[in-house]
Amino acid sequence: MRAVIIGSGDINDYKYIKGFLRDDDFFICADGGIRHAAGLGIEPEILIGDFDSMPKGIKTAAKVIRYPAKKDFTDGELCAEYAAEHGFSETLFIGMTGTRLDHTINNILLLFKCVNSKLINEHNEIIPLCAGAGIEIKNKRGKTLSLIPLNGDLENVAMRGFEYPLDGETLYFGAARGNSNVVTSDNAFISAKKGKGLIIINNGE
């Protein structure tokens, strides 16, 4: 089963986001993300947070897990920990980006806490890449894709099905060589033998 974590960041096009959701998803809301659940017509299974940004007059969830306002974790991180601890086979993050760049960066890094995870907004899909775990990129022909190293270099990188393929090369941390590649196959593939990175697919026109 897939967990869908709904944050309180920006969602401006509910119809677009609905296209990524499934009937059997398990919805977990982080505090003010409940307003997005309402906008999507979803009643989440669980609401987690300190409720400092909880809108009034919106129905909550089947189960509520409350934390104190003064804590060492964000509400989004608590949701990611819940998903990881309860053994979901996939995790989708929505409503996790916006004008608070600190929250956006931290939320993107939460992808590494969960298996088979992805973060989406109206413009991008973000997928974590870990050493030894190849990622298939399906049905994205013509899309712009960037591979960004994190926490050091990405070594022995393979990228097949791209305008600029790679075969055993290194993408250096802080360098932009992996930016703005183009997917040329309906079944592209990315892997690395050492390091971590972010795959960012631009879904804009």
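The values are calculated or read from the model by the stated rules, or taken from the named source; none is laboratory data. A quick note: this is a predicted structure, and the numbers were derived from the prediction, not measured. Quick reminder, even Gly has a Cβ in these numbers, built from the backbone with ideal geometry, and neighbours come from all protein chains shown. Each accessible area value is taken on the protein alone, full model and side chains, heavy atoms only, with ligands, DNA and RNA left out. Shrake-Rupley method; radii C 1.70, N 1.55, O 1.52, S 1.80 Å.
Answer yes if at least one residue in the range 112-125 is in a helix (DSSP H, G or I) and out of contact with any strand residue (DSSP E or B) (no Cβ under 7 Å at 6 or more places or on another chain), and no otherwise.
Checked against the condition, which is being in a helix (DSSP H, G or I) and out of contact with any strand residue (DSSP E or B) (no Cβ under 7 Å at 6 or more places or on another chain), the range 112-125 yields at least one hit.
In this structure, is residue 189 among the aromatic types (Phe, Trp, Tyr), in contact (Cβ under 8 Å) with a residue 40 or more places away in the chain and part of a strand (DSSP E or B)?
Judged against the criteria, residue 189 is a match.
Considering each of 151, 116 in turn, give the residue that is over 27 Å from residue 6 (Cβ atoms), touching a residue at least 12 places away in the same chain (Cβ under 8 Å) and among the polar types (S, T, N, Q). Give the steps one after another, and end with the answer.
Numbers: 116 fails: over 27 Å from residue 6 (Cβ atoms).
Exactly one of 151, 116 is over 27 Å from residue 6 (Cβ atoms), touching a residue at least 12 places away in the same chain (Cβ under 8 Å) and among the polar types (S, T, N, Q), namely 151.
Every residue in the range 83-111 that is part of a loop (DSSP other than H, G, I, E, B), within 22 Å of residue 14 (Cα to Cα) and among the hydrophobic types (A, V, I, L, M, F, W, C), please.
96
Among the residues of the range 162-172, are any touching a residue at least 24 places away in the same chain (Cβ under 8 Å), crowded, with 16+ Cβ neighbours inside 10 Å and part of a strand (DSSP E or B)? So that I can check it myself, show each step before the final result.
Kept after step one, since they are touching a residue at least 24 places away in the same chain (Cβ under 8 Å), are these residues of the range 162-172: 162, 171.
With crowded, with 16+ Cβ neighbours inside 10 Å added as a condition, the list becomes 162, 171.
Adding the requirement that they be part of a strand (DSSP E or B) leaves 162, 171.
Looking through the range 162-172, at least one residue is touching a residue at least 24 places away in the same chain (Cβ under 8 Å), crowded, with 16+ Cβ neighbours inside 10 Å and part of a strand (DSSP E or B).
Quick check, is residue 135 within 16 Å of the chain's Cα centre (by Cα), modelled with pLDDT of 95 or more, surrounded by fewer than 14 Cβ atoms within 10 Å (Cβ to Cβ) and more than 17 Å from residue 204 (Cβ to Cβ)?
No.
Tell me, which residue of the range 147-156 that is over 11 Å from residue 181 (Cβ atoms) and within 22 Å of the chain's Cα centre (by Cα) is surrounded by the fewest Cβ atoms within 10 Å (Cβ to Cβ)?
Keep residues of the range 147-156 that are over 11 Å from residue 181 (Cβ atoms), which gives 148-156.
With the extra rule that they be within 22 Å of the chain's Cα centre (by Cα), the set shrinks to 148-154.
Details: 148: 20, 149: 23, 150: 17, 151: 11, 152: 13, 153: 17, 154: 27.
Going through the qualifying residues, I end up with 151.
Only one residue in 49, 95, 33, 19 is of a type outside the set (S, T, N, Q) and open to solvent by 60 Å² or more (accessible area, probe 1.4 Å). Which one?
Criteria check complete, one pass: 19.
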